[in-house]
1. Any residue in segment 13-24 that's crowded, with 17+ Cβ neighbours inside 10 Å: show its pairings with residues that are of a type in the set (D, E) at Cβ separation under 7 Å, as long as the two are six or more apart or on different chains.
2. From the set of residues in segment 15-42 that are aliphatic (A, V, I, L, M) and in contact with a helix residue (DSSP H, G or I) (Cβ under 7 Å, 6 or more places away or on another chain), which is farthest from G67 (Cα to Cα)?
3. For A55, are the conditions met, namely being free of Cβ contacts under 8 Å to residues at least 60 places away in the same chain, part of a loop (DSSP other than H, G, I, E, B) and farther than 16 Å from T109 by Cβ?
4. Looking at this structure, is V15 β-branched (V, I, T), more than 20 Å from L112 (Cβ to Cβ) and assigned to a helix (DSSP H, G or I)?
5. Residues of segment 27-39 being part of a helix (DSSP H, G or I) and exposed (fewer than 14 other Cβ atoms within 10 Å of the Cβ), which ones?
6. Filter segment 56-79 for residues that are hydrophobic (A, V, I, L, M, F, W, C) and in contact with a Phe, Trp or Tyr (Cβ under 9 Å, 6 or more places away or on another chain); which is surrounded by the most Cβ atoms within 10 Å (Cβ to Cβ)?
Amino acid sequence: MKENNLLVITSLLSVLLLTFHLTDDVVRGFEKGGLSTLTAVPIVVVWLYGTLLLAERRSGYVILLLGSLLGLVVPVIHLMGKGVGAGSRIANSSGAFFFVWTLIAIGVTALLSIILSLRGLWSLRRGRAS
């Protein structure tokens, strides 16, 4: 599979998982469900624009790299905070499996997107040098 196609797929998966996770955060009361939650909308739009319309361009790779770095921070924040251990509010609630699974899946897809974005930027740099 072409690396750029793989980057598009992983970025789209990251966006989907992050929107699921944000929704879960609002439902569980970790995030306020007000207008402040809608600040995610322009971020996701820019991320999708970089994924779908700026593929294989430097600006697209940079947008995907920044979005993926943001995505990689989400599991770190949750796991370094109160955590999802046996005594936490998350572990004792319904839907805990989905919550933790999305954290792991976001981490995996975001890290893979970071690697692929960096490879894309590196290949653009090497192509310009030759």
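1. The qualifying pairs are L22/E31.
2. Filtering segment 15-42 for residues that are aliphatic (A, V, I, L, M) and in contact with a helix residue (DSSP H, G or I) (Cβ under 7 Å, 6 or more places away or on another chain), the one farthest from G67 (Cα to Cα) comes out as V26.
3. yes
4. Numbers: β-branched (V, I, T): yes; more than 20 Å from L112 (Cβ to Cβ): no; assigned to a helix (DSSP H, G or I): yes.
The answer is no for V15.
5. If the condition is that a residue be part of a helix (DSSP H, G or I) and exposed (fewer than 14 other Cβ atoms within 10 Å of the Cβ), then V27, L35, S36, L38, T39 are the ones that fit.
6. L64
We did not get these values from a lab; they are worked out from the coordinates using the rules stated. For clarity, every value in this text was computed on a predicted model and none was experimentally measured. A quick note on method: Cβ atoms are made from the backbone with ideal geometry, for glycine too, and the neighbour counts reach across all protein chains shown.
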